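A.B. asks: Structure incoming, see below.
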Amino acid sequence: MNSSDENFMTLIVFHIEEVEKALTQISILVGTRPEIIRTRATNSAMDGALAASKLKIQVGHVEAGCRSYDYDMLEKNVRLVISRFASIHFSPTYNTFLNLLRERIAPRKRLIRTFDN
């Protein structure tokens, strides 16, 4: 097996593990049926946001609007994905609040500024 085959296999295993995590999140949410879940920017949070969205459960995104625009960082891409699933965005600073407005992530009434730094 050459190195490109090994890299491909690693990606497949990673994807399978992520799908398993998402299915676990769905089973937890089905059993508890919360009104809303709160997420940050991690892979498991993204899995939870996807699961909640599929089950019509609201998603609250903590630290919403934090942007470095360095898309090589996995966390930054996860933030963008979670933003699309979230129904309420908790923005930690005025600048992050403005980022969400500029990106038209959600109507202003769904953006909550939590504090200023």
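A.B. asks: Do you know which of the residues in segment 1-54 that are among the charged types (D, E, K, R) and more than 20 Å from residue 80 (Cα to Cα) is modelled with the highest pLDDT?
C.D. replies: 35
A.B. asks: Still on this structure: Would you point out the residue of segment 58-94, among those that are polar (S, T, N, Q) and free of Cβ contacts under 8 Å to residues at least 12 places away in the same chain, that is surrounded by the fewest Cβ atoms within 10 Å (Cβ to Cβ)?
C.D. replies: My answer is 68.
The values are calculated or read from the model by the stated rules, or taken from the named source; none is laboratory data. What you are looking at is a predicted structure, and each value in this text was computed from that prediction instead of being measured. Positions of Cβ are backbone-derived with ideal geometry, glycine not excepted, and every protein chain shown enters the neighbour counts.
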